[in-house]
Amino acid sequence: MTLSTTSIPQLYFPMHGDDGYRVEHYDLTLDYRVTPNRLGGVARITAVALRRLTRVAFDLGALRVSGVLVDGAPVRFTHRGGKLHLSPPGLRPGRFTVEIRYSGTPRPVTSHWGGLGWEQLTDGVIVASQPIGAPSWFPCNDRPDDKATYRISVTTASAYHVVANGELTSRRRAASTTTWVYEQAEPMASYLASVQIGRYQQIEPSPGTRLVFPARLASRVRHDFERQGRMMEVFRERFGPYPFGSYTAVVVDDELEIPVEAQGMSIFGVNHVDGRRGEERLVAHELAHQWFGNSLTVADWSGIWLHEGFASYAEWIWSESSGGLSSDDHAQRWHRRLSALPQDFVLADPGPRRLFDDRVYRRGALTLHALRRTVGDEPFFALLREWTAGHRHGTVTTGAFTALAAQRTTRPLDKLFADWLQDRRLPALP
């Protein structure tokens with residue numbers, strides 16, 4: 001076995017993750033009682049040690065750990081401050097397994113943006129973990145560059161519908177509960193792992209696509225997502241093949257401040273469906289994240305514009321493809337808006353408190369539009385398709401994108417990227 005010993009420093013959340021190993025697979029067996037909000041879990045984790053290890057750390061929030069096995073043998077552990085520290089008797093480089101039993105009342109991880117992770121709804125559960133909420137419900141190596149496959153089994157009351165990442169491989173009813181088992185075959189970052197629980201119904205508008213929603217919202221959901229199939233076709237043409245086996249859009253029966261992305265899944269609030277496609281740009285934005293954010297995931301959060309800038313630009317691509325405003329129109333409008341805002345952040349390194357600043361989204365989109373104007377439509381979209389193909393199910397950096405762009409054109413791009421990505425002042429559009 002050949003092991004990589006390189007690791008991207010986690011500049012924004014250095015207390016999350018452990019660079020001594022990489023996870024290959026998470027097998028999560030969960031038992032959840034909705035009304036008391038009680039979660040019991042067994043996490044079986046297959047990982048690879050990158051060097052000899054005498055300590056191994058997992059990120060895990062306010063849940064009680066009752067036992068840990070490493071390679072089948074009990075080990076000593078401590079759990080405090082969101083970290084579960086294991087003390088195995090020396091792990092050699094190579095594969096090892098960990099089994100962690102835990103239980104309790106899951107609570108969102110406190111952050112600058114509010115609670116992140118497992119959260120109770122009025123009648124059910126939403127999981128929205130970006131960027132550091134995954135430890136609220138399972139032990140993980142919580143860094144975006146450590147992607148693994150998953151099996152997620154959830155047992156809960158039979159009145160509830162459960163959605164998790166990947167494909168539903170079994171559903172078994174026993175007495176008053178049902179066990180739902182999903183398998184995510186493509187590697188996934190921990191923050192994208194998700195479970196949605198609610199009193200939902202499900203339809204399949206086309207092969208490989210699912211809509212999950214409260215029955216009372218059926219007509220509004222059907223109308224507002226009716227053009228999602230055409231949207232998928234446009235994005236396949238512009239970005240390359242859809243990177244996963246299927247796609248599920250979930251509408252929860254609560255209001256959400258913003259929609260939530262997960263791998264192979266997007267989650268919307270009741271306030272995002274009005275029966276008039278009033279929030280269709282958000283449908284486009286979340287779908288585009290399947291390419292930019294989920295298949296291609298940043299190696300460190302400093303590069304978040306590679307997620308949000310690309311997904312925001314996808315809104316403009318859908319607009320011009322569906323008879324709305326052109327990308328030029330959107331770019332000029334947003335350039336005027338951003339010109340009036342403080343010029344005090346760097347797009348390629350906004351800082352952890354500004355990860356979700358609207359300027360990351362819109363200046364990111366403007367950067368791509370500036371590149372498109374500079375190189376032309378055909379080379380631009382060929383570049384995006386090559387970008388998604390070359391890094392499919394992997395991790396990406398700003399430097400990798402700018403290097404690829406420079407290789408694929410004879411036009412000098414150094415100044416364009418320096419102005420848009422590194423300078424604080426908003427440049428003029430080309």
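Summing Lys, Arg as +1 and Asp, Glu as -1, what charge do residues with Cβ under 12 Å from the Cβ of V252 carry, V252 excluded?
-4
Determine, for each peptide in 78-88, 110-120, the mean count of other beta carbons within 10 angstrom over its residues, then list the peptides with the highest first.
110-120, 78-88
Based only on the alpha carbon positions, what is the Kirkwood hydrodynamic radius of the stretch 297-422, in angstrom?
Computed over Cα pairs of the stretch 297-422, the Kirkwood hydrodynamic radius comes out at 14.9 Å.
Could you work out the relative contact order of the stretch 200-290, using alpha carbon pairs under 8 angstrom and six or more residues apart, expressed as a whole percent?
Answer for the stretch 200-290 is 29 percent.
Can you compute the modelled spin-label distance between R373 and I258, with each label point 7 Å from Cα toward Cβ, in nm?
If labels sit at R373 and I258, their model points lie 2.5 nm apart.
What's the Kirkwood radius of the chain in Å, using all Cα pairs?
That comes to 22.4 Å for the chain.
Work the Kirkwood hydrodynamic radius out for the stretch 126-214: mean of 1/r over every pair of different alpha-carbon atoms, inverted, in Å.
14.0
At 7 Å along the Cα-to-beta-carbon direction for both R336 and T97, put a label point, then send me their distance in nm to one decimal.
My value for the distance between the label points is 6.3 nm.
Please report the net charge: other residues with Cβ closer than 12 Å to the Cβ of P379, K and R +1, D and E -1.
Summing Lys/Arg as +1 and Asp/Glu as -1 gives +2.
Suppose a student asked you for the relative contact order of the stretch 252-325, using Cα pairs under 8 Å spaced at least 6 residues apart; what percent would you report?
25
Can you tally the net charge around P88? Count Lys and Arg as +1, Asp and Glu as -1, for every other residue whose Cβ sits under 15 Å from the Cβ of P88.
So the environment of P88 carries a net charge of +3.
Hey, what did the chain get for relative contact order, percent, Cα under 8 Å, at least 6 apart?
12
Coordinate-derived values only; no laboratory data. Since this is a predicted model, take the numbers as computed values, not measurements. Positions of Cβ are generated from backbone atoms using ideal geometry, with glycine treated the same way; all protein chains shown enter the neighbour counts.
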